[in-house]
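Beneath this line is the structure, given in structure tokens, with notes to follow.
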Amino acid sequence: MDLYLVQHGEAVSKESNPNRPLTSAGREKVGKTAAFIAAHAGIEIKRIIHSGKERALETARIFADHLHIAEVEEGKELNPQSAPWSWVERLSATGENLMIVGHLPFLKRLAALLICQDETKPCVEFHMGGVVGLRRNESGLWSVIWIVTPEVLP
């Protein structure tokens, strides 16, 4: 199983807009990352799950457009402070490749649980608009297969 964890793109401040949509720079960087992985990563997924917050939904839709994914859905327990344990259980029960678009610190804690079995270990550094590709092997162990951030793209 492959899992792609995406931190939403740069959003406007809460003072500017309480819904916190993506900034124009955020949309541009997410689009750049999405276009790159669509062309080079060989991602095979049918669904993208997001937190429901506007910045995550916008990010998910940009990735869906580039990856030609029809199904973008809101998931439960994907907010910044959500506990990642329920997602560890959900992921262990499925073989479906997925993309999850969310927030810090949730994504960092989920990756740490999957890779290091300890949500407090800093296993992966996330970047806004970036993607961390993980793979679960036949023994159920997770590893990082690649990371793409907008900063490393031409």
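Check each of the GluC sites (Glu not before Pro) in segment 73-131 and keep only those in coil by DSSP with at most 15 other C-beta atoms within 10 angstrom; list them in order. Before the final figure, lay out the partial values.
Working: sites: GLU73, GLU74, GLU77, GLU89, GLU96, GLU119, GLU125; in loops: GLU77, GLU96, GLU119, GLU125.
Within segment 73-131, the qualifying GluC sites (Glu not before Pro) (loop, at most 15 other Cβ atoms within 10 Å) are GLU77, GLU96, GLU125.
What are the ³J(HN,Hα) values, in whole Hz, obtained from phi via the Karplus relation 6.51 cos²θ - 1.76 cosθ + 1.60 with θ = phi - 60°, for each residue of segment 33-48 in sequence order, with x given for Gly and Pro?
Residue by residue, segment 33-48 yields 5, 4, 5, 5, 5, 4, 7, 10, 9, x, 6, 10, 9, 10, 9, 10 Hz.
Report the semi-axes of the equivalent ellipsoid for segment 2-152 in whole Å, largest first, where each axis is √(5λ) for an eigenvalue λ of the Cα gyration tensor. Mind showing how you got there, number by number?
Numbers: eigenvalues 102, 62, 40 Å².
After diagonalising the Cα gyration tensor, the semi-axes are 23, 18, 14 Å.
Sort CYS123, CYS116 so the one with the fewest other Cβ atoms within 10 Å of its own Cβ comes first. Could you put the intermediate results ahead of the total?
Working: CYS123 17, CYS116 14.
Ranking CYS123, CYS116 by Cβ neighbours within 10 Å, fewest first, gives CYS116, CYS123.
Hey, fewest Cβ within 10 Å first, where do ASP2, ASP65, ASP118 land in order? List each step's numbers first, then the result.
Details: ASP2 17, ASP65 14, ASP118 10.
By the 10 Å Cβ count, ascending: ASP118, ASP65, ASP2.
Measure up LYS14/LYS121; LYS76/LYS108; LYS32/LYS53; LYS53/LYS108; LYS46/LYS121 against 25 Å on the Cα-Cα distance and list the ones that go over. Could the numbers behind the result be given before it?
Details: LYS14/LYS121 29 Å; LYS76/LYS108 17 Å; LYS32/LYS53 21 Å; LYS53/LYS108 18 Å; LYS46/LYS121 30 Å.
In this structure, LYS14/LYS121; LYS46/LYS121 exceed 25 Å between Cα atoms.
For segment 1-69 and segment 104-146, what is the centre-to-centre distance using only Cα atoms, to the nearest Å?
About 18 Å separates the Cα centre of segment 1-69 from the one of segment 104-146.
Which of the listed residues, LEU110, SER51, MET128, is farthest toward the dipole's positive end in the chain, when Lys, Arg count +1 and Asp, Glu count -1 at the beta-carbon?
Of the listed residues, the answer is MET128.
Need one number: % antiparallel among DSSP beta bridges in the chain, to the nearest 5. Numbers along the way, then the final one.
Working: 12 of 24 bridges.
Expressed as a percentage, antiparallel bridges in the chain total about 50.
Can you sort MET1, MET128 from fewest to most other Cβ atoms within 10 Å of each residue's own Cβ? Please list the in-between numbers first.
Numbers: MET1 16, MET128 24.
Listed from fewest to most nearby Cβ atoms, that is MET1, MET128.
5 Å is the cut-off here: which amide hydrogens, built 1.01 Å from N in the peptide plane, fall below it relative to GLU74, excluding neighbours closer than 5 in sequence?
HIS50
Work out the length of the dipole vector of segment 2-152 about its Cα centre, built from +1 on the beta-carbon of each Lys and Arg and -1 on the beta-carbon of each Asp and Glu, and round it to the nearest 20 debye. Walk me through the numbers on the way to the answer.
Values: 17 positive and 19 negative charges, 34 e Å.
Roughly 160 debye for segment 2-152.
Quick note: the coordinates plus some simple rules give every number you see, no bench work behind them. Because the structure is predicted, anything quoted here is derived from the model rather than measured. Ideal geometry is used to build each Cβ from the backbone, glycine not excepted, and the neighbour counts take in all protein chains shown.
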